[in-house]
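For reference, the structure discussed in these notes is given below.
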Amino acid sequence: MGEAVRAFTVGSVECRVVPDGVMGYEPESLYSGLPPEETGLAVSRLVDDRGLVPVPYHPLLVRTAAGLALIDTGAGLAIAEESGEPVGRLPQALAAAGVAADEIALVVLSHAHPDHIGGLTAGNGRSRRPAFPRARHVIGRAEYQYWTSGQLPGDFAWMGDLARQHLIPVERAGLLDPVEGEQEVAPGIRVIPAPGHTPGHLAIALASGPHHAIFVADAVLGEPNFAHPDWTSPFDTDRAQAARTRCQLLDAAARGTAVVAGYHLWGPGTVEPHADGYHWNPLR
Ligand SMILES: [Zn+2]
């Protein structure tokens, strides 16, 4: 699929993908409940020799006049060790970008799934400490409440345990800032409630003068979602809402000619309405 673009600008805002790695997923875990003749063609092109879809984990480093922000924090070392997959490499990607962890002034968490928050803390057990010790950490209040409630459906309980492991040390350090509704969290960086994938899932809008970009996070789970915005995943807590949110974000991006980036997209691009979905134009 060619070399994806890693860096782009939004007016004076500089954005850079800082890759955490790639994880193989069962196709059914990304796009499920569909007749194979429908998904087969789109998905079979993507699978590796294990029959898994390679899914990138792509946090975004954002440099504004106000400082450095990081959107999502990768899977962390525990998940890398447990899965044996090449993820958890955000620290190396930041080092390669010449950025030290204590230079990050703001961490924005799109949501609290393991692949997004596993890199929030370093260390083990009670010695866990925030990996970004000088950053204010923004998360949707609904997201924080959902994953720390201790009242999750059985399939999701392990993810709640993991979310608590990482979020509580950040909260104890006084660095966690749960937010409600749409708001600007730094000059040019606005969080927008985008529920469905999870209850408090956030999209992150970047703006500088007339220029716009939107980090859709997991409102789009992979490139096939552009042509098939109705395809949903068992990871979505509300699948119908996930599809509605996806279309709202992509409609707005198409209208506003915004650059679209996403955690599980290979690189940034733009969208235009096409047939029952969208046409995806990767930046070159
Ligand atoms: Zn994800």
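Worth pointing out:
- Criterion: crowded, with 17+ Cβ neighbours inside 10 Å, among the small types (Gly, Ala, Ser) and within 15 Å of the ligand (Cβ to nearest atom) - qualifying residue of Ala258, Ala205, Ala243, Ala217: Ala217
- Taken as a whole, the condition of being in contact with a helix residue (DSSP H, G or I) (Cβ under 6 Å, 6 or more places away or on another chain) and not in a strand (DSSP E or B) applies to Gly196.
- Criterion: at pLDDT 95 or above, farther than 24 Å from Ser208 by Cα and open to solvent by 40 Å² or more (accessible area, probe 1.4 Å) - qualifying residue of Pro86, Pro114: Pro86
- Test result for Ile79, within 25 Å of Ser208 (Cα to Cα), open to solvent by less than 60 Å² (accessible area, probe 1.4 Å), without any contact (Cβ under 8 Å) to a residue 40 or more places away in the chain and under 18 Å from the mean Cα position of the chain (by Cα): no
- Inside segment 220-235, residues that are open to solvent by less than 10 Å² (accessible area, probe 1.4 Å) and either in a loop (DSSP other than H, G, I, E, B) or charged (D, E, K, R) (or both) make up a count of 5.
- Look at (1) free of Cβ contacts under 8 Å to residues at least 12 places away in the same chain; (2) touching a Gly at 6+ places or on another chain (Cβ under 6 Å) and you find that Ala105 fails only one, number (1).
- Where helices (runs of 4 or more DSSP H) fall wholly inside segment 39-130, no range has 3 or more residues that are of a type in the set (Ser, Thr, Tyr).
The values are calculated or read from the model by the stated rules, or taken from the named source; none is laboratory data. Just so it is clear, the structure is predicted and the values come from calculations on it, not from any experiment. Neighbour counts are summed over all protein chains in view; Cβ atoms, including those assigned to glycine, are modelled from backbone coordinates with ideal geometry. These accessible areas exclude ligands, DNA and RNA; they are computed on the full protein's heavy atoms, side chains included. Shrake-Rupley method; radii C 1.70, N 1.55, O 1.52, S 1.80 Å.
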